[in-house]
Amino acid sequence: TLSLHDALPILGGMLDTALATTRSGLNETRNILKNLRAGALQELGLEQALQQMISQLQAARSKPSINLFISRNLPLISKELEHIIYRIVQEALKNALQHADAEQVRVELTAKSKTIAVVIEDEGKGFDVHNRKQREGYGLSGMRERAEEIGGTLTIESELGGGTKVRFEVVL
């Protein structure tokens, strides 16, 4: 039998290997998920896929009321950007439904010049955006990563009792 002193380097090596394997698997999973497109998005296009998502969410709950506004002057956008917009809206709505306790949520997709903007805003209970534990628990880091992948920006404004506003912008 090994002494604890002799076993520590072996256990440390095993732990390092397990962590490396886990990280590799996680990265591979992320890449696969990144390349998958939502079925509704692929079949229906962005506008109808967003409408369908919101209709399904509304059918399952009595509140909040979710209002969707899509600008009529949207330029043609890439499938990759459509996918990112869809996933950001999906995550922001999930957060609003699970955490905000809001009566209303507004989703707005607009275009000005060459800038596409998506705003998801609720008037719920809000959260402390500076609290790292809360930030990560709300899936915001994933939305930020998606935005940054294509050179966009994601900003989150929220305060306790004051609702939350998620804004994604990208220049085409």
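The values are calculated or read from the model by the stated rules, or taken from the named source; none is laboratory data. All values derive from a computational prediction rather than experimental measurement. FYI the Cβ positions are ideal-geometry reconstructions off the backbone, even for glycines, and counts take in every protein chain you see. Surface accessibility is based on the protein's heavy atoms, side chains included, excluding ligands, DNA and RNA. Shrake-Rupley method; radii C 1.70, N 1.55, O 1.52, S 1.80 Å.
When a/c is below 1.5 the answer is rounded, else prolate if a/b is larger than b/c, else oblate, so apply that to segment 79-172 with a ≥ b ≥ c taken from the square roots of the Cα gyration tensor eigenvalues. Verdict is prolate for segment 79-172.
Apolar share of the accessible surface for segment 33-172: 45 percent from carbon plus sulfur atoms, 1.4 Å probe.
Straight-line cross-link reach from residue 125 at under 13 Å between alpha-carbon atoms covers these aspartates and glutamates, not counting any fewer than eight positions away in the same chain: 101, 103, 157, 159.
For segment 73-119, applying the loop criterion from DSSP together with a ceiling of 11 other beta carbons within 10 Å to the GluC sites (Glu not before Pro) yields 103.
Near residue 172, the amide H atoms lying under 5 Å from its own belong to 115, 116; only residues 5 or more places off or on other chains count, and H is placed 1.01 Å from N. When the chain is treated as a GNM with alpha-carbon contacts under 10 Å, the residue of 41, 15, 97 showing the greatest mean-square fluctuation is 15. Please state the shape class of segment 72-115: rounded when a/c is under 1.5, otherwise prolate if a/b exceeds b/c and oblate if not, all from the C-alpha gyration tensor. It comes out oblate by the Cα gyration axes. Calculated mean residue ellipticity, 222 nm, the chain: -16000 deg cm²/dmol, from DSSP H runs (n ≥ 4) at -39500 (n - 2.57) each, averaged per residue and rounded to 500.
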